[in-house]
Amino acid sequence: MRCNMAITKRLALPLLAFTFIQAGQLAHAQQPQKPDDVLRVNTELVQTAITVIDKQGHFVDGLSRDQFELTVDGKPRPINFFERVAAGSPREEQLTAAPDPTLATPKTSRPATTRGRSIVFFIDDMHMSPDSLHRTRDMLRHFLSTEMSSRDSVVIASPSGQVGFLEQFTNNAQVLNAAIERLSPKQYEVRGYGTGSTVMREYDALIIDTNDSKKANSEILNYYIRECVTQTSSPKTIPMALRAIAATCETQTRNSARAVLMQAASITQNMYASLETLMHSMTRAPGRKLMFFISDGFLMNDGPHAADLRGKLDTIIDTARRSGVVAYTIDSRGLINNDVNMRQGSARPDFGAPLGEIEAQQDAMNGLADATGGRALRNMNYFDRWVGQVLDETSNYYLVAWRPEADAEKLTKFRAVTIRIVNRPELTVRAPKGYVEGPTTATIASAAPEKTPANHTAGTAESELRSALSDFVSNRGLPTALSLTFLNTPKNEMLLTSSIQISTNALDYGSDSKQPATIKLAGVILNDKGKIAGSFKNQLNVNPIDDASDAGAVIYNDRTALAPGIYQVRVAARDEKTGHVGSAMQWIVIPNLTTHQLMTSSVLLGGQVLENKSTATATAQVQLSVDHRFARQSRLGYWIFAYNAKRDSTGKPNLVIQSQVIQAGRIVLTGQQRTIVDGAPDPDRIAFGDQLLLNSLPPGSYDLRVTVTDALAGTSTSQTVDFEVR
């Protein structure tokens, strides 16, 4: 591992006539954008997101506030705030963070970063057959290849825990593919006592356990009793003994039914616990979250002797509402044969219950979707197309807010909310069906005391950095950016460079603004199991910038040699005077070059030549871009290295390089195609660099995709990196 300060050391890269600065203060670097200022008030508004679609399933744009009719507990309420919001936009993040959205005035000084959508796939592998899981995995792969954008944050979660450390939000498709590969079928089995050759199904057990004079289904009960009697008696058994055996079998059948339900309830309760934890973890994440809950189904109620599953579901629904989660549920069995239970597969006479059984197994998923403003997919096999439709219809929504009418309505109590569009009966409105009064996340956050020199000490620095590194949500107290790249060195090392950029005008330079600021910085590199593969820490002393209008940044680079694999880098920085902490995290996949397949390094984006004054003969150095922000009138320069290129009989390669700029899935700029037929001086690490003019691109977020094709081997590979035009 190499961690160096300022420009005292450097790493030479083959074929490049420059070196990369290890760390230093960039007086002319672009300033990372500060979070928008939002005023907070004590009396908060209640917010809800509303999706309005037409009969074709498309979002209906252009609606006005006076077209919406809002009632709470059956009483009309005036709408205090109304705005159309794009999912994943900076405006969405600003609005959802504010207790009173009417005071969240957008800033217009410059375009903000597009954050993208937050999407959750909760795969209930505790209630899923191998066939269902296979369909679900195919759907997830289709989503990654066709629906996901580089700005989206996606997590794949399962209650069994088999996804492990990869169960985190990321926009890295390779990491998500690795999470999909970890999903494997789990054995689902609940058994009662020996009551015959037929395995008792949960729905039958529920009917037996809830059997009373008003809700009797003696045919099902008698069937299992007969099975038990047949197993425990013989044709020579006398009638009196048969009656005694039948009485014993009835007791045994009822006990068996309770055992089946209690086992099933335990499995469902464990799944609910995992889901609730996930809902709580998303409370602090900004914006509205879209969740796909995928399962073969399970009973909402497992009888009076099992756990209170309905109460747990209500808690999850309330947590989802508070966290801004809209749930769309998918029955992963697809097309269902009503005569057979697809998961348990037992054969017993049809008592007219299969349809009711299927509906009972879908009740909880229906309730989750309906209560949070989503919808459910049932009896269909086209998961991937339906997910695409949902993503389309939820890409925009209306944010509506109102103020509680009286103090009595602020008590903790469920409030039923109904919203409709006046004189437009053909439109469908999807929104949460209600909420429980209580403080929102934004209110709790705003109540936290502001850090000042008086309420923090130097002794808290290490603990606050450790806390920030262990948190799955980035801390924005100190604007911090992270960029990861990897290269193969002449020593055949895979070298990971972690570049951290910290805003300098966010630092405290003392009461006279002339004292050096001190930053304590720490980072940790974790592998795909969550084990530490490397770490670093340092202290940076930053002198104040004379020209306050020329916003700057301090950049620190750490370099670590790593084995091929999946890694997550987490970094945290702390201003010692104010105690403000910033953090960032990012995933990276380091390939295995020993497969001898065509591969490339990361795209090394940008590059600012800096004078190196460490010695009289020192050469200029280049710092690659960390925040990936470029002026519209500038050029986007990049470098990339190709590895394992095939060579002809003369030892020369034949590589074709194509660069494309992509926005929202569309190619908006194509660079000139280049050909490399000379691998000198290092044919194992063939370097290529190019520049693209950005003046034709409007301000916004983009992806640069560089594709390298080996004409001799007939193979190609590509790397993508995001950037912004300002």
(request) Examine segment 312-321 for a residue that is in contact with a Leu (Cβ under 8 Å, 6 or more places away or on another chain), among the small types (Gly, Ala, Ser) and more than 30 Å from Val229 (Cα to Cα), and state whether such a residue exists. (result) yes
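Condition check ((1) in a helix (DSSP H, G or I); (2) touching a residue at least 24 places away in the same chain (Cβ under 8 Å); (3) buried (at least 18 other Cβ atoms within 10 Å of the Cβ)) across all residues:
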residue	(1), (2), (3)
Ile267	yes, yes, yes
Met271	yes, yes, yes
Glu276	yes, yes, no
Ile294	no, yes, yes
Residues in segment 232-249 that are at pLDDT below 80 and under 57 Å from the mean Cα position of the chain (by Cα) total 1
Residue count, segment 714-725, condition within 27 Å of Val677 (Cα to Cα) and surrounded by 16 or more Cβ atoms within 10 Å (Cβ to Cβ), comes to 3
| Is one or more of the residues making up segment 667-675 at pLDDT 95 or above, buried (at least 18 other Cβ atoms within 10 Å of the Cβ), part of a strand (DSSP E or B) and touching a Phe, Trp or Tyr at 6+ places or on another chain (Cβ under 9 Å)? | no
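So that you can scan it fast, the table gives a plain yes or no per residue for (1) outside any strand (DSSP E or B); (2) under 30 Å from Leu507 (Cβ atoms); (3) at pLDDT below 95:
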residue	(1), (2), (3)
Gln568	no, yes, no
Thr578	yes, yes, yes
Met585	no, yes, no
Gln597	yes, no, no
Thr615	yes, yes, yes
Ala618	yes, yes, yes
Ile640	no, no, no
Ala645	yes, no, no
Ser659	no, no, no
Condition set assigned to a loop (DSSP other than H, G, I, E, B), of a type outside the set (Asp, Glu) and under 22 Å from Asp558 (Cβ atoms), scope segment 621-631, selection modelled with the lowest pLDDT: answer is Leu624
With the first residue restricted to segment 656-682 and required to be without any contact (Cβ under 8 Å) to a residue 12 or more places away in the chain, and the second required to be buried (at least 17 other Cβ atoms within 10 Å of the Cβ), Cβ contacts under 7 Å at 6 or more apart or on different chains are Ile667/Gln660
Exercise. Is there a residue in segment 504-512 that is closer than 30 Å to Thr600 by Cβ, acidic (Asp, Glu) and either in a loop (DSSP other than H, G, I, E, B) or within 26 Å of the chain's Cα centre (by Cα) (or both)?
Worked result: no
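Yes or no, residue by residue, for (1) at pLDDT 90 or above; (2) of a type outside the set (D, E, K, R); (3) in a loop (DSSP other than H, G, I, E, B); (4) under 30 Å from Met148 (Cα atoms):
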residue	(1), (2), (3), (4)
Asp392	no, no, no, yes
Tyr397	yes, yes, no, yes
Pro404	no, yes, yes, no
Arg415	no, no, no, no
Glu426	yes, no, yes, no
Val429	yes, yes, no, yes
Pro439	no, yes, yes, no
Being touching a residue at least 40 places away in the same chain (Cβ under 8 Å) and touching a helix residue (DSSP H, G or I) at 6+ places or on another chain (Cβ under 8 Å) narrows Tyr702, Tyr643 down to just Tyr643
Over segment 54-81, the set of residues under 25 Å from the mean Cα position of the chain (by Cα) and at pLDDT 90 or above is Phe59
Being of a type outside the set (Phe, Trp, Tyr), touching a His at 6+ places or on another chain (Cβ under 7 Å) and either under 26 Å from Ser153 (Cβ atoms) or assigned to a strand (DSSP E or B) (or both) narrows Leu478, Leu496 down to just Leu478
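For the structure I just gave you, tell me whether Ser649 is surrounded by fewer than 15 Cβ atoms within 10 Å (Cβ to Cβ), without any contact (Cβ under 8 Å) to a residue 60 or more places away in the chain, more than 22 Å from His596 (Cβ to Cβ) and small (Gly, Ala, Ser). Working first, answer last.
Values: surrounded by fewer than 15 Cβ atoms within 10 Å (Cβ to Cβ): yes; without any contact (Cβ under 8 Å) to a residue 60 or more places away in the chain: yes; more than 22 Å from His596 (Cβ to Cβ): no; small (Gly, Ala, Ser): yes.
No: the conditions fail for Ser649.
The values are calculated or read from the model by the stated rules, or taken from the named source; none is laboratory data. Just so you know, these numbers come straight off a predicted model, no measurement behind them. Using ideal geometry, Cβ is built from the backbone for each residue, glycine included, and neighbour counts are taken over all protein chains shown.
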